[in-house]
Each structure stands twice: as structure tokens, then as C-alpha cells.
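What follows is a short report on a single structure.
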Amino acid sequence: MNLKIRLALMNFLEFAAWGAYLTSMGTYLANIGMASEIGWFYAIQGVVSIFMPALMGIIADRWVPAQRLLGFCHLAAGLLMFGAAYEGMQGNNSMIFPFYTLSVAFYMPTLALSNSVAYTGLTRAGMDTVKDFPPIRVFGTVGFICMMWLVDLLGYQPNQNQFVASGIVSLILFLYSFTLPACAVSESHEQKSFVDALGLQAFSLFKQKKMAIFFIFSMLLGVSLQITNGFANPFITSFGSDPAYADTFGVQHANILISLSQMSETCCILLIPFFMKRYGIKNVMLIAMFAWVLRFGLFGLGNPGNGVWMFILSMIVYGVAFDFFNISGSLFVDKSTDEKLRSSAQGLFMLMTNGIGATVGTLSAQAVVNHFTDANGVTAWQECWYIFAGYALVVGVAFALMFRPKKEINE
């Protein structure tokens, strides 16, 4: 089989395992009386992302080839996800979180391991990773969307079968990993230490005012990253209690509606070179920050009936909010740091955004939702979304006033 097709299939399965539950898990948890704990289920992804990818990266560098470790991690993640589903089926709700946490701990490192396998395979085949990898990576988003649709159409959004679907895909990828290009372990005696792999030495960049401000705001904006993943589905399906909206497409197929966000994400990647060249790094990041304001604000204003167009617009805006920040921010880090610190600086960027920021964000969002949920379990969602939008607005205005790079990065 053609190498690109093989790697595209790997990416399809990699993200399909995640897409099976990431956007619908909140609805399931609310359905079994665990609405007040949704934030913890999403926050734990950030917690394990702080150390597990680094740990598995060291193992892949020194002892176990990346493609083998990728498979073994998916085997463990899949079996543990089955365990979470079984506990949910048995009504042992207190045991769902431990199994889920362990599953996610093994899954999150595979995001980096799959990239390593792809880069190694392409490089050994004499291909240009910058040119040839992005079209391969797109199939990951396609896989994520396909699983969102499948879980929706099969009626798995409100039950534990979404975990079963994820486990099945992970086991398929475990088997498929035996066909992937071989990755050698390093024979060098200068392998990265755990501290190096975590990117901790990049904290020296905080001595530079410009970089310190950038990383702090990266963390503050990272707060927004997982909020809609955790709460958009429960929010939209909550309209089902109102007879005026119960039969609308959005309520009946919330996952399909939310999948427009991932479609927008795929398309918006193509816009970044134009915007970076024309407007520069600061303005592109500001566009992303104010896009988050729209993302949340439109949720607060819309409904699945005559206001569904605001939901759709919110999904489209998500692509700008997510891509313009993550990709332009990564580019800024690459261009603003010494070559010796670039890899660790990228690790620090991920730590601040997807680690600390996303963890604090989901737990804070959960606190807000809990505060606006009455004794009958009814949430005043509009107030919640306006608070999230207000937070994003404050961060955006503060960033505009405080972040002043001496040199704009337009390439």
C-alpha cells in the first residue's frame, strides 16, 4: 500500500478514537447524573498531557520503537475505555472516572507518537514533511468528524457506547500498528532527559518580557480551548426539554451540528498564510481571541430553532479561534527563540495552553455551570456563555494593550 495512504489511515484511526467521545461525553455524563463532574473529565486530559507524552517520548527514544509503542498505548487505552463503558453499564458511576483517566493517560501520548511515525516514514522515503504531512494530517480531522457522525446517528451520545466505539477503534489501530513503518530507537548516548522532554529548560524564556507576556497570555487563552468540547453538547441537547425545540435537528443531532466546528478548523488552516503575511502575528492572534468572544457569545444568543444560524456561525468561527491561535502562536515561538531552545519552547507552549490553561479552563467553566444550575438540574446556560465571552474579551483587550513584539512575524 502507498506510504501516504497508510499514514493517512493511521491518522484517521488516531483521531477517530478521540472523536467518538470528546464532544458527546458531556451529554452522557449529564444523563447519568454526573453533570457537575464534566469539567474533571476534560481537565484530566490536560493533567496527563503535562507528563505522559514526555514519558512515552523518552521510552520511544530509548527502548521501544515509536510505531510499537503507539500500538501498545492504543491497546491499553482501548481496553481501559471498555472498562469505563462496563462500569457505566453496571451503574458503577464512581468507577467510570478512574478507568477513563487511565485510558486518556495512554491515549494522549499517541498524538505525538503518531506524528513521529509519520515524520520517520516520510523522511526515510525521501519526502518533504512540510509539504507531504499536512494532507495526511487532514485525514485525522476527517476521522474525528466521521466518528462524531457515527456516534450521533447510532444514538450513542447519551450512553456509554461512545466509549465502546472509541475502544474498538483503538484496538483496530493497535493491530494496524504492526504494518506501520519501522522507527528505530536512538543509539546515541545523548538522549533527552525527562526535564528536556518536558521543555522545562525553556522556562528561561520568561526572563524576556516579550516571551513572558506571550506565554502568560497563551495560558489565559488556553482556558477557552476545552470549554465547548465539554459543554456545547449538553447545552444544545438541553433544549430538548422545551417542546418548541425538542424535535429540531440540533437537539436530535447535536454532534453533527458541532462537527461543523471541525470542518471549519480544516478549512481555516488554509487561510493562515494569507493573514500572517497581511496582518502579522499580533493581529492574527487578536483575531483568534475575539473569535472566541463570538464563539461563546453566539451560543448565548442562539437556539436550535429560528436562532440556529447563530449556532452555525459559532461553529464556523471556531475554526478561526482555534487555528489562528494555535498555529500562529507556534510559529511565533519558532521564530522568536534560539534554535537550541525551539523544541523545548514548543513544549512549553503546549504545556501553557493544552496543559495548564485547558485544565484551569475546564474546571473554572464547571464551577460557573454549577453555580448557574438550580436544585432541579436546570442550567441558566445563557449567563454561562456570556461569562465565557466576557472572559475572552478581557483577555483579548489586555493582550492588545500589553503584547508589543518589536518585530512582526509575517512569514
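The values are calculated or read from the model by the stated rules, or taken from the named source; none is laboratory data. Just so it is clear, the structure is predicted and the values come from calculations on it, not from any experiment. Virtual Cβ from ideal backbone geometry, glycine too; neighbours counted across all protein chains shown. The accessibility values were calculated without ligands, DNA or RNA, using every heavy atom of the protein model including side chains. Shrake-Rupley method; radii C 1.70, N 1.55, O 1.52, S 1.80 Å.
Tabulated data for the structure shown
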{"quantity": "Most to least accessible of ASP247, ASP323 (protein chains only, probe 1.4 Å)", "calculated": "ASP247, ASP323"}
{"quantity": "Cβ-derived FRET efficiency at R0 25 Å, ARG278 paired with MET402, nearest 0.05", "calculated": "0.60"}
{"quantity": "Percent of Cα-Cα distances greater than 16 Å, calculated over region 86-144", "calculated": "60"}
{"quantity": "In the chain, lysine pairs with alpha-carbon atoms under 21 angstrom apart (chain gap of 8 or more, or interchain)", "calculated": "29"}
{"quantity": "Simple label model, 7 Å out from Cα along Cβ direction - ASN31 to VAL138, nm", "calculated": "3.4"}
{"quantity": "Label-point separation in nm, ALA380 to GLN208, each point 7 Å along Cα→Cβ", "calculated": "4.6"}
{"quantity": "Whole-Å semi-axes of the ellipsoid equivalent to region 194-321 (Cα gyration tensor, √5λ, descending)", "calculated": "35, 17, 13"}
{"quantity": "Neighbourhood net charge (12 Å Cβ-Cβ; Lys/Arg +1, Asp/Glu -1) for PHE15", "calculated": "-1"}
{"quantity": "3J(HN,Hα) from dihedral phi, region 9-17, Karplus parametrisation 6.51/-1.76/1.60, rounded to Hz, x for glycine, proline", "calculated": "5, 4, 5, 4, 5, 4, 8, 5, 4"}
{"quantity": "Exposure of PHE372 as accessible area (Å², to 10), given a probe of 1.4 Å and all protein chains", "calculated": "60"}
{"quantity": "Segment ASP247-LEU111, extension gain: residue separation times 0.36 nm, minus the distance between their alpha carbons", "calculated": "45.2 nm"}
{"quantity": "Heavy-atom accessible surface of region 229-312: percent carbon and sulfur, 1.4 Å", "calculated": "67"}
{"quantity": "Charge dipole of the chain about the Cα centre (unit charges at C-beta), most positive-ward option of ILE236, SER261, VAL320", "calculated": "VAL320"}
{"quantity": "Distance (nanometres) between label positions extended 7 Å along Cα→Cβ at VAL185 and ILE5", "calculated": "3.4"}
{"quantity": "The chain: relative contact order as a whole-number percent, Cα under 8 Å and 6+ apart", "calculated": "25"}
{"quantity": "Extension gain, LEU270 back to VAL394 (0.36 nm per residue minus Cα-Cα distance, nm)", "calculated": "41.8 nm"}
{"quantity": "Accessible-area order (highest first, 1.4 angstrom probe) of the listed residues MET108, MET263", "calculated": "MET263, MET108"}
{"quantity": "Hydrodynamic radius (Kirkwood) for region 1-140, which is based on Cα pairs only, to one decimal in Å", "calculated": "16.2"}
{"quantity": "For the chain: accessible area per residue (Å², 1.4 Å)", "calculated": "43"}
